[in-house]
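The values are calculated or read from the model by the stated rules, or taken from the named source; none is laboratory data. Worth saying up front: this structure is predicted, and the values here are computed from it rather than measured. Neighbour counts are summed over all protein chains in view; Cβ atoms, including those assigned to glycine, are modelled from backbone coordinates with ideal geometry. Protein only, heavy atoms only, side chains kept; ligands, DNA and RNA dropped before computing areas. Shrake-Rupley method; radii C 1.70, N 1.55, O 1.52, S 1.80 Å.
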Amino acid sequence: MYVFDNSPFSVLFKNYYRKRFPTLWKNFDQLVASGDIVSTKEVLREIEDSSDATLRDWAKKNKDLFPIPSAEEGIFVGKIYKVSHFQQNLEQRKLLKGGHNADPFVIAKAAVEKKCVVSMEKLKPNGAKIPNICAHFSIRCIDLEKFMEEQGWTF
């Protein structure tokens, strides 16, 4: 149902401690186990570069959540970058420093698997961020709060 970008994982692990929000984590872990939450290998690479040890350890234990993109997803990434405006999404600094750019892979996975993207990025006029690219390709994109609302979670 959902393809998570790095940002909602980061927010969850930074702000919602397992000991303080046990019901949230029980619900979240069930969605991960059932395959209703997925991500992509590029997100795992971003997490591995993260300073959040708890998130890194969790990701390491849940590697199946982060599969290598399929050929079909790779083709869709190419479609994204055929739109010249979205080439801005390739941040020059990331490319020069060997950084990771999971955005197009998250979007491609959602497009191919007919799922919803969950990202903390905001839609900006004339932007080249995840919500802008999703809107261009008619892919549903929500933030973490909307995800929790859709799940009916209240704490």
Identity of the residue in the stretch 27-51, part of a loop (DSSP other than H, G, I, E, B) and on the phi < 0 side of the Ramachandran plot, that ends up farthest from the chain's Cα centre (by Cα): Ser51
Can you tell me which of Leu24, Leu55 is touching a residue at least 60 places away in the same chain (Cβ under 8 Å) and assigned to a helix (DSSP H, G or I)? Leu24
Cβ-Cβ below 6 Å, separation at least six or inter-chain, first residue in the stretch 111-138 and buried (at least 17 other Cβ atoms within 10 Å of the Cβ), second part of a helix (DSSP H, G or I) and charged (D, E, K, R): which pairs? Val112/Glu72; Val112/Glu73; Ile130/Asp103
Any residue that is at pLDDT 95 or above, open to solvent by 60 Å² or more (accessible area, probe 1.4 Å) and not charged (D, E, K, R) - is there at least one of those in the stretch 72-83? yes
